[in-house]
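Quick notes on the structure that follows.
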Amino acid sequence: MTWNDLCKDLLPPQAPLHIETVGMTAGEMALDVAVTSAQALCPTCTQPSTHVHSHYRRTLADLPWATTPVQLHLRVRRFWCETPD
């Protein structure tokens with residue numbers, strides 16, 4: 001079993017996530033994960049958009065894996081609404 005296989009088991013199977021890097025120190029485990037959704041719904045007009053405006057990063061603290069603290073560094077896409085209104 002590889003690190004990537006192990007980490008995929010830690011993430012929700014239906015989530016559109018891609019593991020970019022895995023880091024393990026004596027004190028914690030860190031996963032750099034990117035969201036791979038090709039589109040998102042506009043919160044105002046609810047129309048789907050595929051135009052990526054930018055990316056930003058969130059850092060999430062997750063529950064420990066066994067006794068090791070886990071940090072998720074999540075790269076998220078921002079989409080631009082293409083609806084004129």
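The values are calculated or read from the model by the stated rules, or taken from the named source; none is laboratory data. Note that the structure is predicted; figures quoted are calculated from it, not measured. Ideal geometry is used to build each Cβ from the backbone, glycine not excepted, and the neighbour counts take in all protein chains shown. Heads up: the accessible areas ignore ligands, DNA and RNA and are worked out on the full protein's heavy atoms, side chains in. Shrake-Rupley method; radii C 1.70, N 1.55, O 1.52, S 1.80 Å.
Which residues, taken from region 35-44, are over 19 Å from Leu17 (Cα atoms) and surrounded by 12 or more Cβ atoms within 10 Å (Cβ to Cβ)?
Of region 35-44, the ones over 19 Å from Leu17 (Cα atoms) are 42-44.
Passing the criteria: only Cys42.
Residue check: is Glu20 open to solvent by 70 Å² or more (accessible area, probe 1.4 Å), of a type in the set (D, E, K, R) and under 18 Å from Thr2 (Cα atoms)? Break it down into steps so the answer makes sense when it comes.
Numbers: open to solvent by 70 Å² or more (accessible area, probe 1.4 Å): yes; of a type in the set (D, E, K, R): yes; under 18 Å from Thr2 (Cα atoms): yes.
Judged against the criteria, Glu20 is a match.
Can you name the residue in region 52-77 that is surrounded by fewer than 12 Cβ atoms within 10 Å (Cβ to Cβ) and in contact (Cβ under 8 Å) with a residue 24 or more places away in the chain and is also nearest to Glu28 (Cα to Cα) among such residues?
The initial filter retains those residues of region 52-77 that are surrounded by fewer than 12 Cβ atoms within 10 Å (Cβ to Cβ), namely 53-61, 63-64, 66-67.
Then keep just the ones that are in contact (Cβ under 8 Å) with a residue 24 or more places away in the chain; that gives 53-54.
Values: His53: 33, Ser54: 29 Å.
Within region 52-77, the match that is nearest to Glu28 (Cα to Cα) is Ser54.
Take Pro12 and decide whether it is open to solvent by 50 Å² or more (accessible area, probe 1.4 Å), within 13 Å of the chain's Cα centre (by Cα) and either at pLDDT below 85 or of a type in the set (Val, Ile, Thr) (or both). It would help to see each step written out before you state the result.
Details: open to solvent by 50 Å² or more (accessible area, probe 1.4 Å): yes; within 13 Å of the chain's Cα centre (by Cα): yes; either at pLDDT below 85 or of a type in the set (Val, Ile, Thr) (or both): yes.
Yes, satisfied.
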